[in-house]
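Undergrad: After the structure tokens below, expect a handful of questions from me.
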Amino acid sequence: MKYLKKFEDIKIPINVGDTILGGRFKNKKTLVKKIGKNAKGDITINGKPLLKYRIVKESLSSDVDEYLKHIEGDGFEISTSDSKNNGYVFQNIRIYKPKSQITGYEYSNCINFDYKEIGDEVYRFLQETSLKISYIYLIKDGPVSSDITSRVREIISLEDILNNNDNFGMIKSICIGTN
């Protein structure tokens with residue numbers, strides 16, 4: 001008995017009222033109504049053992065709502081979407097300022113704005129989110145020759161933003177990808 005080590009407490013982030021996944025393939029949403037223990041001492045949720053469930057992955061939309069949604073009042077739009085690349089699913093967040101009430105992102109429907117207008121909010125989101133950031137890029141107007149304006153995708157690093165480098169100038173949009 002003297003060789004047994006004391007284990008640390010295991011904390012499971014589940015509370016009454018949360019939604020978790022259960023069922024045969026652990027893909028059906030279940031509302032947590034009761035957390036308890038059975039006769040063997042196993043933790044139970046709604047009377048079934050804890051291992052019959054899995055926790056819903058952190059949601060991109062909840063992080064966006066918490067950290068970025070308030071900038072919509074300043075004329076910005078925030079869109080989220082999913083994309084697949086080489087078998088991986090990426091979630092994208094795009095922030096832009098539309099010219100008109102057309103829904104959805106379209107380059108020709110965006111107004112140039114100074115990155116500093118949203119820099120603090122983007123910085124806070126990237127610092128606080130639990131999501132893994134895969135890429136960040138800015139869409140800008142490229143060199144203008146006669147009547148032609150081209151768009152340029154400028155990839156920036158997470159470190160650039162977290163080191164408070166907000167000298168990105170005028171942009172059309174910012175896209176943040178997570179996986």
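Coordinate-derived values only; no laboratory data. Being a predicted model, the structure only gives us computed values, none of them experimental. Ideal geometry is used to build each Cβ from the backbone, glycine not excepted, and the neighbour counts take in all protein chains shown.
Undergrad: What tally of residues in region 102-131 results from selecting those that are assigned to a loop (DSSP other than H, G, I, E, B), under 25 Å from residue 142 (Cα atoms) and out of contact with any helix residue (DSSP H, G or I) (no Cβ under 7 Å at 6 or more places or on another chain)?
TA: If we filter region 102-131 for residues that are assigned to a loop (DSSP other than H, G, I, E, B), which is where we start, we get 102-106, 111-112, 118, 129-131.
With the extra rule that they be under 25 Å from residue 142 (Cα atoms), the set shrinks to 102-106, 111-112, 118.
From what is left, the residues that are out of contact with any helix residue (DSSP H, G or I) (no Cβ under 7 Å at 6 or more places or on another chain) are 103-106, 111-112.
Total satisfying the criteria: 6.
Undergrad: Just name the residue that is surrounded by the fewest Cβ atoms within 10 Å (Cβ to Cβ) out of those in region 90-101 that are more than 13 Å from the chain's Cα centre (by Cα) and assigned to a strand (DSSP E or B).
TA: Within region 90-101, the subset more than 13 Å from the chain's Cα centre (by Cα) is 96-101.
If we keep only those that are assigned to a strand (DSSP E or B) too, we end up with 96, 98.
Values: 96: 22, 98: 17.
Here the residue is 98.
Undergrad: Could you list all residues from region 108-124 that are of a type outside the set (A, V, I, L, M, F, W, C) and under 22 Å from the mean Cα position of the chain (by Cα)?
TA: Applying the first criterion (of a type outside the set (A, V, I, L, M, F, W, C)) to region 108-124 yields 108-109, 112, 114-117, 119-121, 123-124.
Result: 115, 116, 117, 119, 120, 121, 123, 124.
Undergrad: Ok, one more. Filter region 8-46 for residues that are surrounded by fewer than 10 Cβ atoms within 10 Å (Cβ to Cβ) and either in contact with a Cys (Cβ under 9 Å, 6 or more places away or on another chain) or of a type outside the set (D, E, K, R) (or both) and give the result.
TA: 10, 13, 15, 17, 25, 27, 39, 41
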